[in-house]
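Chemist: So that we are looking at the same thing, I have put the structure below in structure tokens.
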Amino acid sequence: MSVSQLICITCPIGCHLEVEKVDDCTYLVTGNACKRGEKYGVEELTAPTRMVTTTVRIEGTHLPRIPVKTSKPIPKEKIFECMRLLNGVTVEAPVVCGDVVVENLFGLDIQVVASRSMGKQKEYEN
């Protein structure tokens, strides 16, 4: 039996979890103050996921980059691949918070969305 020690990140309490693998598909979670901690402990050992927040290039505005995030957590093993993909993305202003920057990321039905609005830069004639 293997036991893993985790700190739950689903709420501000930060419970210290012990997750014991009982057999191939059964886990015993202790130390959690709520059901979310139990779910987190099992998922963290079987299929860990994370939200990705970063920036992508934007043209036609006063700043060179705009913040984006995934609409749902993605599998942890896909994070570096996601970052490589987003490094090559450029959007054109104007962008409204919530606009989809990348649709259906890796076929996972997860969108990458803008997390800030950014208007088009006003051009002045001299």
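Chemist: Please state the relative contact order of the chain as a whole percent: Cα pairs under 8 Å, 6+ residues apart?
Modeler: The value is 18 percent.
Chemist: Run lengths n ≥ 4 of DSSP H only: what is the helix-derived mean residue ellipticity at 222 nm for the chain, with -39500 (n - 2.57) per run over all residues, to the nearest 500?
Modeler: That comes out to -5000 deg cm²/dmol.
Chemist: Which of the following values of Cα Rg over 2.2 N^0.38 Å was calculated from the structure shown: (i) 1.43; (ii) 1.12; (iii) 1.38?
Modeler: Answer by label: (i).
Chemist: Stretched out fully, how many nm does the piece from Asp23 to Glu77 gain, at 0.36 nm a residue minus the Cα gap?
Modeler: Result: 17.1 nm gained on full extension.
Chemist: Count the net charge of all other residues whose Cβ sits under 12 Å from the Cβ of Ile58, scoring Lys and Arg as +1 and Asp and Glu as -1. Spell out each step's value before the answer.
Modeler: Numbers: positive: Arg57, Arg65, Arg116, Lys120; negative: Glu59, Glu92, Asp99.
Combined, the nearby Lys, Arg, Asp and Glu give +1.
Values in this text are rule-based calculations from the coordinates and carry no lab data. Since the model is a prediction, treat every value here as computed from it, not as a measurement. Backbone-built Cβ (ideal geometry, glycine too); neighbour counts: all protein chains shown.
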